[in-house]
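Structure, as structure tokens:
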Amino acid sequence: MKINFNLNGSDVELEISPEQTLLSLLRDKLGLFGAKQGCDVGECGTCSVLINDELRKSCLMLAVQVEGCRVVTIEGVSSPQGEPNDLQQAFLDHGSVQCGFCTPGMVLAGEAILKETLTPTRTQIREGIAGNLCRCTGYQQIVDAIEDTAQQRRTAVEEK
Ligand code: FES
Ligand code: FES
């Protein structure tokens with residue numbers, strides 16, 4: 001069967017099998033390896049993507065469910081030249097990346113929070129990343145990076 005959706009800013013039409021997961025479509029068919037296959041049962045968040053600006057676990061979704069949707073993977077967050085965006089840079093600056101396995105999902109969780117509000121409390125940030133597990137950083141640095149980016153984006157809006 002065919003599906004049509006927007007992937008990282010480009011409209012795509014793809015032939016899929018009805019039982020294919022979104023994670024499998026991204027990794028196995030499209031070669032987008034930023035979404036990781038961790039637990040494969042919805043518990044770790046390493047497979048996270050944004051669907052219509054909301055954080056979703058691609059291992060739990062069928063590819064067919066994104067018909068007509070806007071899908072953003074970590075590959076769609078950085079600049080076309082591959083430069084980190086402001087949130088990715090904040091992760092680097094705050095030491096929020098160690099092994100990096102959780103990082104694509106964490107960055108997308110951060111983006112989902114920042115699309116909701118540029119004034120998130122630390123509690124809201126913790127709630128926003130609650131479905132994403134990190135074995136390495138202890139979360140503090142990740143919360144710091146998202147909070148810092150919210151501040152930067154607020155300042156950018158105020159200066160316009
Ligand atoms: S691989 Fe999807 S939540 Fe763990
Ligand atoms: S940086 Fe290693 S799991 Fe998060």
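Values quoted throughout were computed directly from the atomic coordinates according to the rules given, and no laboratory measurement underlies them. The shown structure was predicted, so the numbers you read here are calculated from the model rather than taken from an experiment. Cβ coordinates were reconstructed from backbone atoms using ideal geometry, including for glycine residues, and neighbour counts include every protein chain displayed.
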Please work out which one of (1) surrounded by fewer than 21 Cβ atoms within 10 Å (Cβ to Cβ); (2) within 16 Å of ligand 2 (Cβ to nearest atom) is the condition residue 117 fails and give its number.
(2)
One residue is enough: does the range 70-83 have a residue meeting the conditions more than 11 Å from the chain's Cα centre (by Cα) and crowded, with 21+ Cβ neighbours inside 10 Å?
no
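Just checking, how many residues over the range 1-42 are outside any loop (DSSP other than H, G, I, E, B) and farther than 17 Å from residue 65 by Cα? Steps first, answer last, please.
As a first pass, look at the range 1-42 and keep what is outside any loop (DSSP other than H, G, I, E, B): 2-7, 10-15, 21-29.
Then drop every residue that is not farther than 17 Å from residue 65 by Cα, which leaves 10, 28.
So the count comes out to 2.
In the range 82-103, which residue that is touching a Cys at 6+ places or on another chain (Cβ under 9 Å) and either touching a residue at least 60 places away in the same chain (Cβ under 8 Å) or within 7 Å of ligand 2 (Cβ to nearest atom) (or both) is nearest to residue 141 (Cα to Cα)?
Step one: list which residues in the range 82-103 are touching a Cys at 6+ places or on another chain (Cβ under 9 Å), which gives 96-103.
Narrowing further to those that are either touching a residue at least 60 places away in the same chain (Cβ under 8 Å) or within 7 Å of ligand 2 (Cβ to nearest atom) (or both): 97-103.
Numbers: 97: 9, 98: 11, 99: 14, 100: 13, 101: 15, 102: 13, 103: 12 Å.
Going through the qualifying residues, I end up with 97.
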Any idea how many residues of the range 16-42 are more than 11 Å from ligand 1 (Cβ to nearest atom) and in contact (Cβ under 8 Å) with a residue 40 or more places away in the chain?
7
